[in-house]
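Here is the structure we will look at, set down as structure tokens.
The values are calculated or read from the model by the stated rules, or taken from the named source; none is laboratory data. From a predicted model like this one, the values you see are computed outputs, not experimental measurements. FYI the Cβ positions are ideal-geometry reconstructions off the backbone, even for glycines, and counts take in every protein chain you see.
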């Protein structure tokens, strides 16, 4: 059984791991918002809206069965492989900005990944049910294990949380690959000019940093759990 949870009445220095994770997330989010806002004020020379850009990219790749939809919210853009839809947010769908073109192209990059059977995207999709379960139950199980001295509950909670961390780690190459595909298509098909590609790279690079920060924060949290509960068993 686990015993001696926490560190008595002294300061628990492992909270620094949480603080580091929060600061990384805040920094990445601030950079993303600032970069998007900067290039949202720059009109693309193509004159295409985000939705029109997405349609052109999908057609150029022969993906005529993928729909482009409008969803409310800010930066809520995503690709759903279950119903093959590219959903674009308020600031992207009808905007002709460099930022909107970059985000729309990125989501189409995911559609291309899906169509070509990109293995890491398939792996991430397969992990979703377990990750949804883990995100809901991991911390309640850990808390119950601490309160009632249940080592099995704590261990299972940490295992479920580990799946959530693994999901975020797998997400990193998926996102970077989608951006790479998007930038290549934008250049190869002449959708954007040479003067704009730097703006798209900046927007997509800032977006990628948010995923890196999220993964780093989760890894630090998992490390903290192992430091607190690891090796604390009675024979």
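Assorted remarks:
- Conditions (1) at pLDDT below 95; (2) farther than 14 Å from residue 80 by Cβ; (3) out of contact with any helix residue (DSSP H, G or I) (no Cβ under 6 Å at 6 or more places or on another chain): number failed by residue 125: (2)
- Contacts under 7 angstrom Cβ, first residue in segment 171-190 being free of Cβ contacts under 8 Å to residues at least 24 places away in the same chain, partner part of a helix (DSSP H, G or I), 6 or more apart: 187/197
- The condition (being farther than 30 Å from residue 36 by Cα and under 19 Å from the mean Cα position of the chain (by Cα)) is satisfied by just one residue among 162, 138, 87, 125: 162.
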